[in-house]
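A.B. asks: One structure follows; several queries about it will come next.
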Amino acid sequence: MVDLPRRSLLAGIAAMGAAACSKINESETAKSLFKAAEDGHRITHRALAGKQGLAPEYSRAERSPTFRGNGSVTVADPFYQEQLAQGFPEWKLEVKGLVEQPLALTLAEVRALPQRTQITRHDCVEGWSAIGEWQGPQLAALLDAAKVKEGANFIVFRCADVLYGRDYYESIDMVDAYHPQTIIAHSLNGEPLPEKNGAPLRMRIERQLGYKQAKYVKAIEAVASFDDIGQGKGGFWEDVAGYQWYAGV
Amino acid sequence: MKKHALSTRLWHWVNAAAIIVLFMTGLNISNAHRYLYWGDYGFDPKDAWLSVIKFPGWATIPQHYNLALARDWHTTAAWPFGVGLLFIWVAMLVNGHFRRDLTTTPRDWTPGAVIASVKAHSGDGAAQGYNPVQRILYGMVFGVLLPLMLFTGLAISPGFQAAAPWLLDVLGGRQSARSLHFIAAWGIFGFFVIHIVLALIDWRLILEMFTGGKRAGAPAPPEPDTMPPEDGAPAHG
């Protein structure tokens with residue numbers, strides 16, 4: 001058969017390719033290539049949209065009928081469960097780290113700040129999307145109140161949920177931290193956040209994927225670098241699964 | 001005059017590599033949520049217009065399910081694909097490849113022209129320039145499928161939407177853009193299969209995509225290699 005050599009040749013090439021791929025994936029060259037591509041996307045997006053460019057906002061009629069909960073949908077911590085049952089009377093949101101005036105705000109104080117309401121689309125890294133109406137203060141207002149020090153390059157969100165035995169956390173840079181649509185949401189579709197969607201407070205960072213939208217936020221921390229947090233990759237899924245830190249693609 | 005310009009050959013192989021990586025990592029990414037929707041949102045499988053099969057490991061990069069690595073490869077290969085598409089369009093417009101080989105007249109779309117193309121193609125040394133079927137197919141690939149792939153890819157990136165919110169509107173929403181991304185990928189796959197089969201029938205065609213080959217049909221000029229690139233070359237060529 002004339003076909004056989006060609007077929008075994010193709011199989012050979014495929015096997016070589018597979019072996020090469022698993023080597024390439026782990027190499028430093030591949031890692032720096034991926035990093036360059038990721039940085040390229042971030043820089044291009046911001047050059048085209050501007051640092052303050054807005055994600056699309058929708059009308060109430062365009063919302064999805066429900067809003068899917070994903071990742072952590074419940075928090076095991078007994079204090080959290082006790083607070084959830086009572087409407088979070090003693091829950092505090094801390095603003096700390098490289099700030100001149102650390103803060104600890106109650107939920108009532110968060111609600112009393114100037115509010116932004118936005119109907120936006122949530123895109124999961126897996127591919128699905130949901131649309132909901134969020135309300136809460138802009139992160140910029142909290143950072144200004146706490147007076148972020150020079151030398152702070154990232155804002156880290158500390159969360160109450162634990163997945164695979166690790167505390168959930170996420171981080172963004174100062175461009176997204178001061179973006180007008182970056183809010184700490186306490187309500188979804190006009191109701192206090194349900195537990196599956198991050199009660200009592202979750203982040204909305206509208207130009208990035210779902211895993212950036214930290215839920216059950218306990219503390220907002222200004223840092224110079226996130227190298228010493230978790231495994232140093234800037235977020236729970238970045239550490240655990242190797243997701244890109246810039247989740248804008 | 002070479003049959004294939006250097007710009008064409010360079011782009012062809014870079015793009016071939018990029019497309020293989022993009023397609024196979026895309027199948028891995030598809031496995032993360034195997035449902036396609038129309039409109040802006042979609043997360044409930046019961047609203048899906050299509051439940052996609054789970055693609056087997058041998059068809060995906062990497063060969064096991066790994067969304068992070070598949071996305072790393074996908075968003076990296078998107079660079080040579082996207083920049084390359086812009087490059088080849090500029091090159092084709094400048095060197096006349098587009099006008100000479102890809103433009104069609106209404107007559108090219110008639111059944112008669114298609115039958116004549118197929119007849120002319122099956123036979124030795126029949127390929128005199130691009131026949132109507134080739135013009136239509138390559139035109140669809142360059143004019144529709146590849147740009148659709150690029151624009152739907154950009155549109156489903158949440159960081160890009162702030163730069164061009166109109167793109168999502170044109171495509172009918174983010175989940176529609178994602179569905180079109182999937183459909184266009186299979187369109188390109190279909191072209192890829194036909195393209196490979198036809199090239200394997202006459203392997204010299206593959207060789208020519210490396211060497212450039214010689215342009216058939218036109219009477220050979222005395223010193224082809226020293227000729228300046230022709231502008232508005234004849235339709236055969």
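A.B. asks: If a residue must be facing another protein chain (nearest Cβ under 9 Å) and not aromatic (F, W, Y), how many such residues does region B:75-86 contain?
C.D. replies: Qualifying residue count, region B:75-86: 4.
A.B. asks: For the structure I just gave you, tell me whether B:I19 is in contact (Cβ under 8 Å) with a residue 24 or more places away in the chain, β-branched (V, I, T) and within 10 Å of another protein chain (Cβ to nearest Cβ).
C.D. replies: no
A.B. asks: Looking for something buried (at least 20 other Cβ atoms within 10 Å of the Cβ), within 14 Å of another protein chain (Cβ to nearest Cβ) and either in contact with a helix residue (DSSP H, G or I) (Cβ under 7 Å, 6 or more places away or on another chain) or over 27 Å from A:E90 (Cβ atoms) (or both) - is there at least one such residue anywhere in region A:229-236?
C.D. replies: Taking every residue of region A:229-236 in turn, at least one turns out to be buried (at least 20 other Cβ atoms within 10 Å of the Cβ), within 14 Å of another protein chain (Cβ to nearest Cβ) and either in contact with a helix residue (DSSP H, G or I) (Cβ under 7 Å, 6 or more places away or on another chain) or over 27 Å from A:E90 (Cβ atoms) (or both).
A.B. asks: For region A:116-170, list the strands (runs of 3 or more DSSP E) that sit wholly inside it and hold at least 1 residues that are more than 29 Å from B:H33 (Cα to Cα) and touching a His at 6+ places or on another chain (Cβ under 6 Å); which are they?
C.D. replies: Working: elements: A:116-123, A:129-136, A:154-163.
Of the strands (runs of 3 or more DSSP E) lying wholly inside region A:116-170, those with at least 1 residues that are more than 29 Å from B:H33 (Cα to Cα) and touching a His at 6+ places or on another chain (Cβ under 6 Å) span A:129-136.
A.B. asks: Could you figure out which of (1) hydrophobic (A, V, I, L, M, F, W, C); (2) more than 14 Å from chain A (Cβ to nearest Cβ); (3) farther than 30 Å from B:D202 by Cα isn't true of B:W89?
C.D. replies: B:W89 satisfies all of (1) hydrophobic (A, V, I, L, M, F, W, C); (2) more than 14 Å from chain A (Cβ to nearest Cβ); (3) farther than 30 Å from B:D202 by Cα except (3).
A.B. asks: Specify the residue that is farthest from the chain's Cα centre (by Cα); the eligible residues are those in region A:82-131 that are hydroxyl-bearing (S, T, Y) and either surrounded by 16 or more Cβ atoms within 10 Å (Cβ to Cβ) or within 18 Å of A:R158 (Cβ to Cβ) (or both).
C.D. replies: Filtering region A:82-131 for residues that are hydroxyl-bearing (S, T, Y) and either surrounded by 16 or more Cβ atoms within 10 Å (Cβ to Cβ) or within 18 Å of A:R158 (Cβ to Cβ) (or both), the one farthest from the chain's Cα centre (by Cα) comes out as A:T106.
A.B. asks: Okay, moving on. If a residue must be more than 8 Å from every other protein chain (Cβ to nearest Cβ) and not in a loop (DSSP other than H, G, I, E, B), how many such residues does region A:47-75 contain?
C.D. replies: Residues flagged as more than 8 Å from every other protein chain (Cβ to nearest Cβ) and not in a loop (DSSP other than H, G, I, E, B) within region A:47-75 amount to 3.
A.B. asks: Also, I was wondering about something else. State the number of residues belonging to region B:27-40 that are in contact with a helix residue (DSSP H, G or I) (Cβ under 6 Å, 6 or more places away or on another chain) and either crowded, with 18+ Cβ neighbours inside 10 Å or of a type in the set (D, E) (or both).
C.D. replies: 7
A.B. asks: Could you check region A:204-249 and list, in sequence order, the residues that are in a strand (DSSP E or B), in contact with a Lys or Arg (Cβ under 7 Å, 6 or more places away or on another chain) and within 16 Å of A:N70 (Cα to Cα)?
C.D. replies: Scanning region A:204-249 gives a single hit, A:V217.
A.B. asks: Please report, ordered by residue number, the helices (runs of 4 or more DSSP H) entirely within region B:53-141 with at least 2 residues that are exposed (fewer than 15 other Cβ atoms within 10 Å of the Cβ), of a type in the set (D, E, K, R) and in contact with a strand residue (DSSP E or B) (Cβ under 7 Å, 6 or more places away or on another chain).
C.D. replies: none
A.B. asks: Return yes when A:Q81 is part of a loop (DSSP other than H, G, I, E, B) and out of contact with any helix residue (DSSP H, G or I) (no Cβ under 6 Å at 6 or more places or on another chain) and no when it is not. Outline the logic, then answer.
C.D. replies: Values: part of a loop (DSSP other than H, G, I, E, B): no; out of contact with any helix residue (DSSP H, G or I) (no Cβ under 6 Å at 6 or more places or on another chain): yes.
Taking the combined requirement at face value, the residue does not satisfy it.
A.B. asks: Condition first: hydrophobic (A, V, I, L, M, F, W, C), without any contact (Cβ under 8 Å) to a residue 24 or more places away in the chain and under 23 Å from B:A48 (Cβ atoms). Now tell me which residues in region B:180-210 satisfy that.
C.D. replies: B:I183, B:W186
A.B. asks: Does region A:150-162 include one or more residues that are more than 14 Å from chain B (Cβ to nearest Cβ), at positive phi and surrounded by 15 or more Cβ atoms within 10 Å (Cβ to Cβ)?
C.D. replies: no
A.B. asks: Consider only pairs whose beta carbons are under 6 Å apart and that are at least six residues apart or on different chains; among these, list those whose first residue lies in region B:55-71 and is within 7 Å of chain A (Cβ to nearest Cβ) and whose second residue is of a type in the set (F, W, Y) and surrounded by fewer than 20 Cβ atoms within 10 Å (Cβ to Cβ).
C.D. replies: No pair meets every condition.
A.B. asks: B:H4 - would you say it is closer than 23 Å to B:V83 by Cβ and assigned to a loop (DSSP other than H, G, I, E, B)?
C.D. replies: yes
A.B. asks: Could you please find all residues in region A:217-239 being within 14 Å of the chain's Cα centre (by Cα) and over 22 Å from A:V99 (Cα atoms)?
C.D. replies: A:K233, A:F236, A:W237, A:E238, A:D239
Throughout, read-outs are computed from the coordinates displayed, never taken from laboratory work. As the structure is a prediction and not an experimental result, all values here were calculated from the model. Neighbour counts are summed over all protein chains in view; Cβ atoms, including those assigned to glycine, are modelled from backbone coordinates with ideal geometry.
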